[in-house]
1. For the stretch 305-343, which positions are modelled with pLDDT under 85, closer than 24 Å to ASN282 by Cα and among the charged types (D, E, K, R)?
2. Being part of a helix (DSSP H, G or I), surrounded by fewer than 19 Cβ atoms within 10 Å (Cβ to Cβ) and either hydrophobic (A, V, I, L, M, F, W, C) or over 43 Å from the mean Cα position of the chain (by Cα) (or both) narrows it down to one residue among LEU337, LEU404; which is it?
3. With respect to ILE141, is the statement that it is touching a helix residue (DSSP H, G or I) at 6+ places or on another chain (Cβ under 7 Å) and in the same structural domain as ARG102 (by TED's automatic domain parsing) true?
4. So, in the stretch 349-371, how many residues would count as being surrounded by 14 or more Cβ atoms within 10 Å (Cβ to Cβ) and either under 19 Å from ILE317 (Cα atoms) or touching a Phe, Trp or Tyr at 6+ places or on another chain (Cβ under 6 Å) (or both)?
5. Find the helices (runs of 4 or more DSSP H) located wholly in the stretch 8-93 whose residues include 2 or more that are modelled with pLDDT of 80 or more and over 14 Å from ALA144 (Cα atoms), and list them.
6. Say whether the condition of being at pLDDT below 90 and among the aliphatic types (A, V, I, L, M) is met by at least one residue in the stretch 206-221.
7. Looking only at the stretch 196-230, filter to residues that are under 15 Å from GLY269 (Cα atoms) and not in a helix (DSSP H, G or I); which one of those is nearest to the chain's Cα centre (by Cα)?
8. Please pick out the residue among SER100, SER74, SER127 that is of a type in the set (S, T, N, Q), assigned by TED's automatic domain parsing to the domain that holds PRO19 and touching a residue at least 40 places away in the same chain (Cβ under 8 Å).
Amino acid sequence: MPIISNRLREKTAALAHNPSPLIDRVYATLTSPNEYQALTPALRHDVAESITFSVNLWFKSLLSGELPTAADLSGFEQLVHRSVHQFVPLNLVLRALRQSSRELWRAYIELGKPDGKLVEELLFDVSPYFFDYFEVMVRSIARAYRDEQHRQTRWRNSLRQLLCNILFYSPHDAKSFRKTAEALGLDFSAPRIALALDVEVTGIDSSTREDEFERISLAASRHLKVAPDDLMRAWHRERLIIWVPCVRGDSITRSDRLVTDRAASLALGLPHVQRIGVGLMNEGASGWARSAEEALKAIDFSPKRHDRNRVSLYSSIVMAECARHTDTASRYLSALLQQLSSEPDLVSTLEVYLEKNQRRKQSALVLGIHPNTLNYRIERIESLLGASLDDVGWISKLDIALKLRRSTLAGC
């Protein structure tokens, strides 16, 4: 730090004795942009506190002739850490410091205007140290901010893993579930729907994979219209699970429709995600785990053919799941397809025909056959089963039978 004249020392001591007008001026210029006006009163108070701290620390350093000590900077670092926890962007924190330096320098120039020697001292002796000092402060704050971000990220990842273990291996440990969810800032009592994302991670190392999951989560928060920290994610059974909070009081069907529409938007925004499974709304640790299993089953049940929507719903296979766990119904539905097994083309034809909502022209195009061939196969299916593919009851039974078949082939 430079050795300053008695005259500059007197001026600096006067500013240090009553810094309020200067601090108010800095704060006024800083809080005029919309991004600062959007901050809560508590956050604006922290901004004002950081301005006061930076200005007073400069006065102390210049008057003592010594650079700030580690103890001096620790107070500033605490403010920076608080900014991280309160999600104040780094650019706003740094702008507060830079604006403080500009207004402080303007105040010095105004003090020196009547005194040519004082202006000369400020320009040639003090200014090099002044701007270097604040630039060093900017770098120190940026480093402290990023270090705290990384520490917080590691801490949150550790808590996420703990919560994941509770959900899938100890879902009845309500006390641990509540404690861990609250530590993550999650509402443990809120109903949630799980999404299972089929993400290609081959060849991606673990650290890069976590960055990719964070990027997907941020995209999910935008498309699902949920704050990023309200989402819970986990890597389970080679798929990324994201639990989405639902509106309290909404019905299970309304929540299913709402999340499905937003999941379709997410699929369009993330073309490298191969498929998204959607579970049903549920509550508590067991409910979150069940919804995740449902989302995984929705993917496993889904046809392997290309589907531009790429979203599979558990609600669309819930009846098949019920039938799968009822022995008599399961055997009956399996027997329907066994009657077609002697002619393998009939099963694939039936599957496409139902997927295309009984539209014959589209079905023939997908199968790559002549419409007359399709008509023959449909008549053959009806003959073997004694069924009518214009009958809603038969369509429903055969649809469930095909879903059960996919479940069996997928090894569910």
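1. Scanning the stretch 305-343 gives GLU321, ARG324.
2. LEU337
3. Spelling it out, ILE141 is indeed touching a helix residue (DSSP H, G or I) at 6+ places or on another chain (Cβ under 7 Å) and in the same structural domain as ARG102 (by TED's automatic domain parsing).
4. 8
5. Filter on the stretch 8-93 gives 20-30, 41-64.
6. No - not one qualifying residue is present in the stretch 206-221.
7. Looking at residues that are under 15 Å from GLY269 (Cα atoms) and not in a helix (DSSP H, G or I), I get LYS225.
8. Checking each option against the conditions leaves just SER100.
The values are calculated or read from the model by the stated rules, or taken from the named source; none is laboratory data. Since this is a predicted model, take the numbers as computed values, not measurements. So basically every Cβ, Gly included, is an ideal-geometry build from the backbone, and we count neighbours across all protein chains shown.
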